[in-house]
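Heads up: the structure comes next, in structure tokens.
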Amino acid sequence: MNNWLSLISANAFMPIQGTEIAAKVDGFYAFLLVSSLISSIILIGGMTAFIIKYKRQSANDKTAYITHNTLAEFTWSFIPFVIMMVIFYWGKVIFNELRAMPDAASSEEIHVVGVQWAWNFKYKNGIKQYTKDGISKDNKLGNVEKQVMVVPLNRPVKLVMTSNDVIHSFYIPGFRNKQDVIPGRYTSLWFKADKLGEFQVFCTEYCGLSHSQMPATIRVLPEADYKVWLDANKPAEGAVSDAGKELYENKCRSCHSLDGTRVVGPTWKGLYGAKREFESGPTVDADENYLRESILNPNAKVVKGYPAAMPPYAGQLSDDELSQLIDYIKSVK
Ligand SMILES: [Cu+2]
């Protein structure tokens with residue numbers, strides 16, 4: 001059923017389905033459309049038929065005295081209820097699938113930074129698809145270079161996203177997937193492209209003058225071509241400073257080890273993804289947002305068994321330095 005449903009909608013007015021999930025979203029959407037259409041026909045058709053059939057014929061026509069009909073009322077409540085629950089459940093299943101990050105996705109992680117008005121991308125191996133200086137205040141006519149995010153075919157990709165200024169929203173219509181991008185916080189999104197080609201990215205959170213022109217494209221390449229692209233564009237050895245490591249050496253090393261030993265603070269070994277317990281409050285998983293908070297505002301959650309001895313780094317580190325440190329912590333396994 002999903003198939004003919006997604007066919008109707010895909011052919012009618014949706015962009016090409018670039019992922020498996022896109023077809024499911026379209027199937028769901030077509031179901032909403034078709035079921036709404038059928039209900040409208042029944043409702044409006046029935047209403048019209050009754051208007052004609054029970055039209056007052058003469059001055060003596062009297063409306064029968066009817067107060068209620070339990071069976072009719074139950075039926076017109078229960079059937080829509082069942083349909084609503086189907087819609088709710090179906091929507092939830094697809095939503096979960098869109099949101100649940102597969103483990104494999106973290107092996108292909110790309111940083112996305114929204115700025116007024118462009119999208120910047122950074123790869124694990126140091127490739128940067130940045131607008132000049134990472135910002136583009138002057139994109140008044142949308143004439144900023146278009147950033148291209150190159151991704152492999154048939155492999156899940158994880159985006160870790162943030163914003164330099166205001167809220168943006170990263171929307172890939174071809175993948176039927178979208179996520180807000182928020183300053184001071186990381187959000188994430190994943191997809192597995194199963195069609196080659198180029199897919200348009202839109203910003204879907206009104207963010208100022210050139211909002212409609214925040215340019216970016218996702219280019220899906222076969223695995224082999226993707227590898228070639230990665231290698232060809234990789235910054236020269238030495239050009240990618242081990243910025244995160246350097247920051248660690250300079251600022252954090254005195255209190256944090258990499259090998260599991262306890263110094264002043266907890267070791268970073270295996271920290272990313274681990275369950276953290278605190279002096280007070282519930283436990284959390286150490287994800288990007290936890291790491292960010294622990295660096296900027298360490299006293300918000302004090303790790304159990306440790307003194308609140310870490311100085312806050314809010315205002316001391318740039319966004320770039322922060323993400324370099326977080327990447328570095330993530331690499332300490
Ligand atoms: Cu925007």
Margin query: Give me the residue from segment 95-120 that is touching a strand residue (DSSP E or B) at 6+ places or on another chain (Cβ under 8 Å) and part of a helix (DSSP H, G or I) and, out of that set, farthest from the ligand (Cβ to nearest atom).
Written below: S106
Check: Listed residues S188, S163; which is among the small types (G, A, S) and within 9 Å of the chain's Cα centre (by Cα)?
Finding: S188
Next item on the list: Hand me the list of strands (runs of 3 or more DSSP E) wholly inside segment 164-252 holding 1 or more residues that are without any contact (Cβ under 8 Å) to a residue 60 or more places away in the chain.
Entry: 168-172, 177-181, 187-191, 197-200
Check: Just for segment 193-232: of the residues that are touching a strand residue (DSSP E or B) at 6+ places or on another chain (Cβ under 7 Å), hydrophobic (A, V, I, L, M, F, W, C) and within 16 Å of the ligand (Cβ to nearest atom), which one is modelled with the lowest pLDDT?
Finding: M214
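The values are calculated or read from the model by the stated rules, or taken from the named source; none is laboratory data. All of these numbers come straight from a predicted model, not from anything done at the bench. Glycine gets a Cβ as well: all are built from the backbone with ideal geometry, and neighbour counts include every protein chain shown.
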